[in-house]
Amino acid sequence: MVNENVSSDNVENVDIAKDVLNQLPCMVMAVDLDFNILFLNNTGCEWMGDDFENVEGKKCYDFVQSSHCRTDNCRVKQAMKNDRKYVWRNEITTGGKTFPIEYTASPLRDKDGNIVGGVEYVIDITERVKIEEEVQEHSRTIMELSTPVIKLWEGIVILPLVGVIDTMRAQQIIENLLSSIVENEATVAILDVTGVPMIDTSVAQHILKTVSAGKMLGAEIIITGFSPNVAQTLVTLGVDLSDIITCGSLKDGVSKAFTLVGRKLV
Amino acid sequence: MIEISEISIDLRNEDDILIARQTARKKMADIGFGSADQTRMATAISELTRNVIKYAGEGVCHIVTGTSSSEICIKVEIEDYGPGIVDVDKAMEDGYTTGGGLGAGLPGAKRLVNDFQIESQPGLTKINLEMSRPHV
């Protein structure tokens, strides 16, 4: 008697859970270890433009296509294999439409805790991606604005670097600095990295390239403003900057630059 | 009492390198790591996540920080599903590079942290970094 009660409660709970999943505005899908669809909620059916009866037991990748499908990159596959939850972005094509999504994949377990498949929770992120692209566009614009080369004195130019240096920006910095060395007939260029929070090997490599390109144009390049933390980290990394003139502060760098052009700060 | 906090960052492009190392920095500052240690770990993360973007295209960076009465610690696991590192021993040598870099990234990152584990095979490369300090 008691047992019957419990089981009928369970059935009710399952129905309620299904009902909730069907109300969600995102896709929820469960597959077994061979990617046969065990469950798909209403939104999922809407996206695929099909009824659950038609998709049940069939391969998920026959109804949804993405760059991850049928590869080791499939996060559901990884979730089942590594027993871990994954959240990832992708672009899917389903029901004749292609849109960006974020999917959460976790392993599906039976009562004894064995992994018997995977659950996938998929959100349409078209709007979010649009906004992010705008923000990224803006930050790119700011980055481009922030590498001004200043003529400090006859023969001396200075480039204060602020913020994070990535590959794209590093290229820009090199170009800016080199063309201004030529324009101003500079013999000394100061590259101030006080405003750069972190220098890893890729940034260091860009600095080294800038220095040797500058030398080819006949200019000495002085790097100033390494913080103690950055200096220590670079040494541990094994980056050798000993061929480069470096000064602790911009002030020292400027006075060094004046010495190099044959003037003295009084 | 041990407090643990965990966060995962997807690595898809260069911007995510930034997010990963800044997150680590902040997490470390929160539990009391000094700024030198923050810079060391952030630089190591920067090196390794850059490798992920450069060689594998995409991956994940898990950052776990923990505090107990005697110790603060950070564990970072960086994994990707790319082609893998053909010769791990060689890749750990100073000056060895296949991508035109300085060849200091992997061995340098190892020196920057207390513990460094790497395993690589085609389809899954996993690197674990760890740093711990006494809790003051």
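The values are calculated or read from the model by the stated rules, or taken from the named source; none is laboratory data. Keep in mind it's a predicted model, so treat the numbers as computed, not measured. Glycine gets a Cβ as well: all are built from the backbone with ideal geometry, and neighbour counts include every protein chain shown. Areas reflect the complete protein model, heavy atoms only, side chains present, ligands, DNA and RNA absent. Shrake-Rupley method; radii C 1.70, N 1.55, O 1.52, S 1.80 Å.
Per residue, the average separation of C-alpha pairs within less than 8 Å and at least 6 apart gives the stretch A:19-174 a relative contact order of 17 percent.
Contact order for chain A, expressed relative to its length and based on alpha carbon pairs under 8 Å spaced 6+ residues apart, stands at 11 percent. Candidate cross-link partners of A:Lys58 among the lysines, defined by an alpha-carbon separation under 19 Å and a same-chain spacing of 8 or more, comprise A:Lys77.
Each Lys and Arg Cβ is given +1 and each Asp and Glu Cβ -1; about its Cα centre, the stretch B:3-134 then shows a dipole of about 340 debye.
3J(HN,Hα) along the stretch A:180-197, derived from phi through the Karplus expression 6.51 cos²θ - 1.76 cosθ + 1.60 where θ = phi - 60°, amounts to 6, 4, 5, 4, 8, 6, 7, 10, 9, 10, 9, 10, 9, 9, 3, x, 9, x Hz, with x in place of Gly and Pro. Give me P(r) over chain B, computed from all C-alpha to C-alpha distances, binned every 5 Å, as integer percentages. Percent of pairs per bin, in order: 2, 11, 22, 24, 19, 12, 7, 3, 1, 0. Our analysis of the stretch A:84-155 gives Rg over Rh at 1.37, with the two radii drawn from alpha carbon positions and Rh computed by the Kirkwood formula.
In the stretch A:147-260, taking the dipole from charged Cβ atoms about the Cα centre, the farthest positive-side position among A:Gln232, A:Ala189, A:Ile173 is held by A:Gln232.
Considering only A:Pro107, B:Ala104, B:Leu18, the residue lying farthest towards the positive end of the dipole of the protein assembly as shown is B:Ala104, judged by Cα position with unit charges set on Cβ. How many percent of Cα pairs in the protein assembly as shown exceed 39 Å? So the portion of pairs separated by more than 39 Å is 34 percent. Inter-chain Cβ neighbour count for B:73-85, averaged per residue, equals 1 (cutoff 10 Å, partner chain atoms only). Dipole check for the protein assembly as shown: with +1 at the C-beta of Lys and Arg, -1 at the C-beta of Asp and Glu, and the Cα centre as origin, the magnitude is about 1740 Debye. Indicate, rounded to the nearest 5 percent, the antiparallel portion of the DSSP beta bridges found entirely in chain A. So the antiparallel bridges in chain A amount to around 70 percent. Its residue count N sets the reference 2.2 N^0.38 Å, and the alpha-carbon radius of gyration of the stretch A:2-130 equals 1.10 times that reference. Label-to-label distance for A:Ser255 and B:Thr97 is 3.5 nm, based on points extended 7 Å past Cα in the beta-carbon direction. Pairs from the table (A:Lys81/B:Lys110; A:Lys215/A:Lys256; B:Lys27/B:Lys90) lying more than 26 angstrom apart at Cα are A:Lys81/B:Lys110; B:Lys27/B:Lys90. Peptide A:231-239 has a mean of 6 when you count, residue by residue, the C-beta atoms of other protein chains within 10 Å of its C-beta. Among the aspartates and glutamates, which have Cα under 14 Å from the Cα of B:Lys75 when same-chain residues fewer than 8 positions away are ignored? Answer for B:Lys75, where 14 Å is the Cα cut-off: B:Glu3, B:Glu6, B:Asp37, B:Asp115, B:Glu130, listed by chain and number. Figure note: A:Val135, A:Val235 ranked by solvent-accessible area, largest first, 1.4 Å probe, ligands and nucleic acids not counted: A:Val235, A:Val135. Counts of other chain beta carbons within 10 angstrom of each beta carbon in peptide B:101-114 average 4. Packing here is the average count of other Cβ atoms within 10 Å per residue, and on that basis the peptides B:49-62, A:13-26, B:95-108, A:46-59, highest first, run B:49-62, B:95-108, A:46-59, A:13-26.
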